[in-house]
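A short write-up of the structure that comes next.
The values are calculated or read from the model by the stated rules, or taken from the named source; none is laboratory data. Just so it is clear, the model here is predicted, and its values are computed rather than measured. Note: ideal-geometry Cβ built from the backbone for every residue, glycine included; neighbour counts use all protein chains shown.
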């Protein structure tokens, strides 16, 4: 069963947060090696921030990567 996981693309001077609908963090990290996925959001991410991330960067792990993911986050 899929559920939401928070993930980050960390480029050292910052990062881009996204939410994936997936079965596990391992599934996300196996498909997108440049990401780190979280079982639970870090404490500094509040509900409003999660809502904002969900509205702009929400992906289903089973969908083909959109242009953004395909361009910046090469699958294995």
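What number of residues within region 57-74 satisfy the criterion of being in a helix (DSSP H, G or I) and modelled with pLDDT of 95 or more? Adding up the residues that qualify gives 0.
Among the residues of this structure, residue 45 does not count as one that is touching a helix residue (DSSP H, G or I) at 6+ places or on another chain (Cβ under 9 Å), in contact (Cβ under 8 Å) with a residue 40 or more places away in the chain and surrounded by 11 or more Cβ atoms within 10 Å (Cβ to Cβ).
Within region 3-24, at least one residue is surrounded by fewer than 11 Cβ atoms within 10 Å (Cβ to Cβ), at pLDDT 95 or above and not in a helix (DSSP H, G or I).
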